[in-house]
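Take a look at the structure below.
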Amino acid sequence: MRKNLLSQHIHRISVTALALGSVICNDAFAQESAAQTRGVLETITVTAERREADITDVPVSASVLGNEYLEAIGTSGGDVRILASKVPSLNVESSNGRTFPRFYIRGYGNTDFSSFASQPVSLVYNDIVLENPALKGFPIFDLANVEVLRGPQGTLFGRNTPAGVVKFNSAKPVIGSSEGYVNLSTATYNTSNVEGAFNLPINDEWAARFSALYQHRDDFVDNVIQDANGNTVRNSDAFGGYDDSAARFQLLYEPSEGDFSALFNLHVRNIDDGTARLFRANIIEKGDNDLVPGFDPEEISIDGENTQSYTSVGGSARLQWDLNENYTLHSITGYESVTHYFTRGDVDAGFGASFAPPFGPGFIPFSVETAGGLDDHEQITQELRIESTLPTALNWQAGVFYFYEDVTDNSFTYDTLFGGDRTLQQSNQENTAWAIFGSLTYDVSDDLQLSGGLRYTYDDKDFTQSINSPAEFKAGGDESEVTWDLSAHYSLNDDVALYARIATGFRAPSFGSLSSTGDEITFADSETILSYETGIKTELFDRRARLNFNVYYYEVSDQQLTAVGGTSNQTALINADETTGQGFELDFEAYITENLFVTIGGSYNDTEINDPSLSVSGCGSDADGRLCNINDPLVIGPNGEETFSIDGNPLPQAAEWIGNATVRYEYPLTDGSQVYAFADFAYTSEVNFFLYESEEFESEGLFETGLRLGYNWGGGKYDAALFCRNCTDETRVTGAIDFNNRTGFVNDPRVIGAQFKASF
């Protein structure tokens with residue numbers, strides 16, 4: 001009954017949104033000439049089908065963020081989390097600061113912070129899948145665009161793609177052209193962002209491109225603690241800073257006449273003296289999710305250490321052979337390695353414990369300080385794919401894919417207050433997977449195209465773990481699955497197309513920590529998804545406006561969930577019998593006038609866990625009882641243990657509503673220069689931090705704004721601007737820890753600065 005009502009609700013919203021889009025367009029353009037040549041939208045190209053195509057011709061819900069927009073939101077030193085809510089149905093968060101991001105599409109993701117955690121959202125950077133979460137934070141710089149492909153992409157892309165794909169495409173070398181740019185910005189907290197690229201034409205067949213990024217922020221959070229005599233000590237500017245740098249070198253071989261081309265890529269990232277996530281004890285009020293009165297985001301009170309450092313290197317070779325005019329062979333080889341990763345934080349997030357005078361925001365029942373990182377990591381991928389471009393109604397792609405990863409993780413538990421003793425837990429996972437895939441497209445007529453794909457995947461994992469001892473616990477297993485998709489794309493006319501898609505996806509089993517009894521390794525079975533989607537794609541008013549809209553519904557069987565925290569600092573892998581998601585997505589962009597460009601995006605995502613037998617631990621307790629007010633039914637176990645049913649709950653970090661908009665206005669001057677204003681807005685509604693629902697561990701909605709006021713001259717070669725990010729200085733809890741106290745961490749503060757870019 002609930003699903004039917006929601007489906008009807010989505011249908012009504014769909015019709016209303018389409019009507020609203022038409023009204024907006026008609027009102028905006030009623031007085032404009034159809035023959036106007038300025039203000040025409042550029043064609044948006046996506047590679048959702050592993051070949052370039054107009055976004056309106058692809059039967060997939062997709063959004064694209066262009067280079068200009070990425071530059072606007074990235075000049076304040078932000079990391080990959082700046083993508084959160086910038087397109088419909090996309091959320092990105094991290095409990096590890098600038099590393100280890102977790103992606104969610106349509107509310108579907110994984111909150112697990114283990115180094116072995118697979119994610120339903122696949123990150124593909126320059127056609128190389130970055131599987132381990134430690135790889136997924138590679139910075140955003142010198143990109144052509146970012147594509148977000150929503151829904152299962154399990155036929156043509158890598159592995160573990162049941163929720164969708166976020167695809168980064170670097171700007172490529174250009175043969176025969178010396179060009180480049182330098183982009184500099186400085187902002188609050190001595191934040192600096194230095195980015196540049198240089199394209200070097202070697203001859204008429206070779207070109208190279210070198211790109212680099214350096215980001216810095218001073219420490220700006222004071223640590224207020226007590227000394228041995230009980231006196232208050234303020235350690236000014238102790239945390240919050242970072243030095244994050246990355247570089248990429250590309251070499252292109254592309255003869256003007258020939259049947260072979262190659263693109264080579266080398267890249268590196270390094271973080272020095274960074275700050276891990278700042279956990280803050282008892283900043284959430286009991287009984288609601290407000291910050292406690294007097295909370296200051298530039299103060300913290302912790303007695304443990306906080307640090308983060310990271311280094312990764314990688315490379316790829318993308319080769320292409322035109323076998324003849326009808327067939328092309330692609331070889332994509334990738335190597336990625338995290339050579340160093342260490343992050344340490346004070347998890348109890350406060351100063352003192354039950355044996356010491358409480359200090360800071362509230363009482364800390366016991367001390368917890370942990371660290372983790374990768375002792376060793378390498379990933380190897382290889383894909384061979386052949387595609388046809390036949391002058392017939394039928395065309396196809398087929399290929400094989402190989403994946404290998406070897407990861408060794410070190411996890412430490414420290415006891416700073418009692419001399420710094422530590423416990424070491426070391427784990428290793430070796431993962432081998434391979435796949436065979438194929439896809440067909442058939443032009444039934446000039447207006448109707450049908451397509452379908454099939455993929456067979458085999459996945460094998462061997463997992464080993466030990467704790468302060470040479471004794472090892474081992475687990476492992478292999479599994480295979482067939483995934484498929486079917487779609488139809490129908491053009492009503494040159495400007496309006498309808499599409500429908502059914503797709504499946506697969507995620508292999510996952511292994512975790514030792515069980516609470518300490519005698520076996522926990523694991524979660526594989527999960528599968530069946531997804532339905534239908535939508536409309538339009539280009540309106542002589543390509544001065546574009547409106548894409550879709551509705552979807554999916555069912556995940558045996559979804560892997562991570563029960564984080566509870567009554568102890570542990571995670572538990574579990575499977576839910578079924579989870580469902582349904583909603584809609586809207587992308588709209590238009591030139592209202594020649595000089596006024598707007599975009600509007602939004603999504604409604606309703607997720608639900610359906611498993612009456614599934615329950616998890618609730619938040620921890622102190623002398624006054626439980627730390628939070630849990631809204632779920634209490635379940636008493638056979639030995640009196642208390643858990644809470646999560647049947648009917650939404651997925652964690654699944655925002656029901658996401659909205660975004662941008663407005664750019666240009667005012668041309670007589671000398672050919674221009675002044676402009678660019679504003680962007682992003683809204684994320686409330687999310688649960690954990691599988692259970694409580695009054696405290698739920699975020700408030702976050703509304704973030706950005707603004708740029710700039711001057712562009714020299715035919716577009718030079719640009720200077722003033723900007724702000726999080727202009728209204730919204731402070732919200734974006735994540736939490738629930739076992740020790742009401743610990744939370746917050747979003748980035750307001751940043752105000754200036755930027756200058758010179759192109760040559």
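Can you find, among PRO638, GLN382, GLY583, the residue farthest towards the positive end of the dipole of the chain? Put +1 on the C-beta of Lys and Arg, -1 on that of Asp and Glu.
In the chain, that residue is GLY583.
Could you give each residue of the range 490-497 its phi-based ³J(HN,Hα) in whole Hz, using Karplus coefficients 6.51, -1.76, 1.60 with θ = phi - 60°, and x for Gly or Pro?
Working through the residues one at a time gives 10, 8, 5, 7, 5, 10, 10, 9 Hz.
Which order, highest average first, do 659-665, 274-280, 171-177 follow once you tally other Cβ atoms within 10 Å for each residue and take the mean per peptide?
Going from most to least packed, we get 274-280, 659-665, 171-177.
Grab the chain and count how many Lys pairs have their alpha-carbon atoms under 30 Å apart, sequence gap of 8 or more, or different chains.
Final tally of qualifying lysine pairs is 22.
What is the packing order of peptides 237-246, 133-142, 529-538, taking the mean over residues of other C-beta atoms within 10 Å and listing the highest first? Walk me through the numbers before you get to the answer.
On the way: 237-246: 19.0, 133-142: 23.3, 529-538: 20.7.
Descending packing order for the listed peptides: 133-142, 529-538, 237-246.
Provide the FRET efficiency to the nearest 0.05 for the SER331-TYR490 pair, computing r from the beta carbons and using R0 = 30 Å. Walk me through the numbers before you get to the answer.
Values: r = 35 Å, r/R0 = 1.16.
It comes to 0.30.
Arrange the following residues from fewest to most other Cβ atoms within 10 Å of their Cβ: ARG102, ARG81.
Arranged by neighbour count, lowest to highest, ARG102, ARG81 become ARG81, ARG102.
Cα gyration tensor of the range 176-253, axes a ≥ b ≥ c as square roots of the eigenvalues: rounded (a/c below 1.5), prolate (a/b > b/c) or oblate?
Since a/c reaches 1.5 and a/b is larger than b/c, the shape of the range 176-253 is classed as prolate.
Once the dipole of the chain is set up with Lys and Arg at +1 and Asp and Glu at -1 on Cβ about the Cα centre, which of ALA53, SER85, TRP321 lies farthest towards its positive end?
With unit charges placed on the Cβ atoms, the residue in question is ALA53.
Could you work out how far the C-alpha centroid of the range 701-716 sits from that of the range 619-637, in angstrom?
46
Compute, for the chain, the length of the dipole vector about the Cα centre, with Cβ point charges of +1 (Lys, Arg) and -1 (Asp, Glu) only. Units Debye, rounded to 20. Each step should come with its number before you reach the end.
Values: 46 positive and 110 negative charges, 248 e Å.
So the dipole magnitude of the chain works out to roughly 1200 debye.
Over the chain, what number does the Rg to Rh ratio reach, with both radii from the alpha-carbon atoms and Rh per Kirkwood?
For the chain, the value is 0.95.
Modelling each spin label as a point 7 Å along the Cα-to-Cβ direction, I'd like the TYR442/ARG234 distance in nm, to one decimal.
With each label placed 7 Å out from Cα toward Cβ, I get 7.4 nm.
First measure r as the distance between the Cβ atoms of LEU200 and PHE760, then evaluate 1/(1 + (r/R0)^6) with R0 = 22 Å and state the FRET efficiency to the nearest 0.05.
0.95
Just grab the label-to-label distance for VAL40 and ASP57, each label 7 Å out from Cα along the Cβ direction, in nm (one decimal).
Output for this residue pair reads 1.7 nm.
May I ask which residue of GLY164, ALA207, ASN193 lies farthest towards the positive end of the charge dipole of the range 147-217, with charges of +1 (Lys, Arg) and -1 (Asp, Glu) on Cβ and the Cα centre as origin?
Of the candidates, GLY164 comes out farthest on the positive side.
Ranking SER645, SER61 by Cβ neighbours within 10 Å, fewest first, what do you get?
SER645, SER61
Starting from the 7 Å offset along Cα-to-Cβ, what nm value, one decimal, do you get for the label separation of SER261 and ASP478?
3.8
Once you keep just the Cα pairs under 8 angstrom separated by 6 or more residues, what percentage relative contact order results for the chain?
12
Work out, step by step, the length gained on full extension between ALA500 and HIS340: first 0.36 nm times the residue separation, then minus their alpha carbon distance; give nm to one decimal.
Stretched fully, the ALA500-HIS340 segment lengthens by 53.1 nm.
Quick one: if the Förster radius is 25 Å, what FRET efficiency do ASN190 and GLN674 give, using the C-beta to C-beta distance and rounding to 0.05?
Calculated value: 0.25.
What order do you get for ILE73, ILE436, ILE467 when you list them from fewest to most C-beta neighbours inside 10 Å?
ILE436, ILE467, ILE73
If Lys and Arg each add +1 and Asp and Glu each add -1, what is the summed charge of the other residues whose beta carbon sits under 12 Å from the beta carbon of SER613?
Summing Lys and Arg as +1 and Asp and Glu as -1 gives -4.
Please report how far the C-alpha centroid of the range 266-323 lies from that of the range 568-615, rounded to the nearest whole angstrom.
After rounding, the separation between the Cα centres reads 23 Å.
Every number here is computed from the coordinates shown, using simple stated rules; none is lab data. All figures in this text were calculated on a predicted structure; none of them were measured in a lab. A quick note on method: Cβ atoms are made from the backbone with ideal geometry, for glycine too, and the neighbour counts reach across all protein chains shown.
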